[in-house]
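Q: This is the structure I have questions about; it appears just below.
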Amino acid sequence: MSPDSHTIEGIARVVRVEGDLAWFEPEQTTSCGHCASSGSCVGGASNGIGSIASRIELRRFSLANPAHLRVGERVVVGVDDRALIKGALTAYALPLLTALTAGGLAQEAAGNDLVTMAAMVSGLFFGLVVARIVARHLSARGELAPRFLRRASPGETCS
């Protein structure tokens, strides 16, 4: 990473080790379960769709394990802030831009709301397809993957 780049850090726990590959789950932030509505939050359930356990399981990721990490260890992982910007622009801005462009062109050409809405839906679909291709390209180059930075010290949290 370049010296002018910043890394956004997070804490993850090793949940499985398979050969040279370690699987991680990001640690939950302290805000969940501590807000005023925590008693009625679906996060209070222990399993099932929408529960904290199912949401965290969906966020599991794997990394190479050259540091010989063991199950249960806490580590600090990081993502270059430029990678997050690229990912957000790809996932959100690109489909929105194609939908609005298609809608604007259709409105200018046809002047009909139904045609405009159909063009916007088509533009959104096109933008999602292009975003998926771009995301695969970024992922294949390793730009979106978190990186192992260090083992977390006892009691370390990310603020």
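Q: Starting at the first residue of the stretch 121-127, write each ³J(HN,Hα) from the Karplus equation 6.51 cos²θ - 1.76 cosθ + 1.60 with θ = phi - 60°, in whole Hz, x for Gly and Pro.
A: For the stretch 121-127, the Karplus curve yields 5, 5, x, 4, 4, 4, x Hz.
Q: Continuing with the same structure: Across the stretch 133-149, in residue order, what do the Karplus-derived ³J(HN,Hα) couplings come to in whole Hz, using 6.51 cos²θ - 1.76 cosθ + 1.60 with θ = phi - 60° and x for Gly and Pro?
A: Once rounded to whole Hz, the list reads 5, 5, 5, 4, 4, 4, 5, 4, 7, x, 6, 9, 7, x, 10, 5, 9.
Q: If the stretch 80-143 were replaced by its equivalent ellipsoid, with semi-axes equal to the square roots of 5 times the Cα gyration tensor eigenvalues, what would those be, largest first, whole Å?
A: Ellipsoid semi-axes (Å, largest first): 29, 10, 6.
Q: Multiply the residue gap between residue 89 and residue 115 by 0.36 nm, knock off their C-alpha separation, and tell me the result in nm, one decimal place.
A: My answer for the length gained is 6.7 nm.
Q: Just subtract the alpha-carbon distance of residue 139 and residue 64 from 0.36 nm times their residue separation and send over the number in nm, one decimal. Walk me through the intermediate numbers first.
A: Working: separation 75, 0.36 × 75 = 27.00 nm, distance 1.52 nm.
Answer, rounded to one decimal: 25.5 nm.
Q: For the stretch 80-143, what is the charge dipole size about the Cα centre, in debye to the nearest 20, if Lys and Arg each add +1 at the Cβ and Asp and Glu each add -1 at the Cβ?
A: On the way: 5 positive and 5 negative charges, 58 e Å.
The dipole of the stretch 80-143 has a size of about 280 debye.
We did not get these values from a lab; they are worked out from the coordinates using the rules stated. Computed from a predicted model, the values in this text were never measured in an experiment. Counting neighbours? That spans all protein chains shown, and the Cβs are built from the backbone with ideal geometry, glycine included.
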